[in-house]
Amino acid sequence: MLSDIRPAIVSTILFTVLLGLVYPLAITGVAKLAFPYQAEGSLVRDSAGHVVGSALLAQPFAKDEYLHPRPSAAGNGYDPTSSGGSNYGPLSADLAKRIKGDAAALRQSTGHVQIPDDAITTSASGLDPDISPQYALLQVDRIAKARGAAADEVRALIQRNIQSPLFGFIGQPRVNVLMTNRALDLALPKGQPKRA
């Protein structure tokens, strides 16, 4: 009986060590050598080297001088430990009420009638780091006013930060909110003298 069980026990231990420890460590080592930025979570650091976020995760930017991300239903909003959507169906009265209210508030604050979908809808994860170029450009006047900058400067900076679809056809054009906000802080610090 023991001779029948021994190969199963040895195989279980061997494959646990091989596939549960050796293989993941080897793949992690290769990833850190080949793609160090991505392997570390695409962490974004400030000039002092402190981590300010990840280029892969949305975070709440509410100040007027920053691009605002998509709404989030993750936890209390932008909580990576509670990633997920609201689970409201398309016929949900609560979802319709929230979207209608968000759209009305955005129309009033921007003066624009057309509101991009990603400005009022949450992503499936609630942590989408990107917004559409249309939503980013909709925020130009608010950002320019808050920073004391010319709207054309803010618009040009956002347009420089539009990322094309992968290989030119996979996905949609997008703007990474964190990276663009970092570029805004570097190029157009709040309170600078307004340029024509």
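Taking each residue of region 21-49 that is within 24 Å of D185 (Cβ to Cβ) and looking for partners that are surrounded by 13 or more Cβ atoms within 10 Å (Cβ to Cβ) and of a type in the set (D, E, K, R) with beta-carbon atoms closer than 7 Å, six or more apart or interchain, yields V44/R182. Restricting attention to region 61-96, the residues that are surrounded by 14 or more Cβ atoms within 10 Å (Cβ to Cβ) and within 19 Å of V175 (Cα to Cα) add up to 11. Residue pairs whose Cβ atoms lie under 7 Å apart, separated by 6 or more positions or on different chains, with the first residue in region 135-150 and within 17 Å of R70 (Cβ to Cβ) and surrounded by fewer than 22 Cβ atoms within 10 Å (Cβ to Cβ) and the second modelled with pLDDT of 95 or more and of a type in the set (S, T, N, Q), do not occur. When L57, L21 are checked against the criterion of being over 30 Å from Q159 (Cβ atoms) and modelled with pLDDT of 90 or more, a single residue qualifies: L21. Quick one: R45 ticks every box in (1) under 20 Å from the mean Cα position of the chain (by Cα); (2) loosely packed, with under 11 Cβ neighbours inside 10 Å except a single one, so which number is it? The one condition R45 does not meet is (2).
The values are calculated or read from the model by the stated rules, or taken from the named source; none is laboratory data. Keep in mind that this is a model prediction, so the values were computed, not measured. No Cβ is skipped: glycine too gets one built from the backbone with ideal geometry, and neighbour counts run over all protein chains shown.
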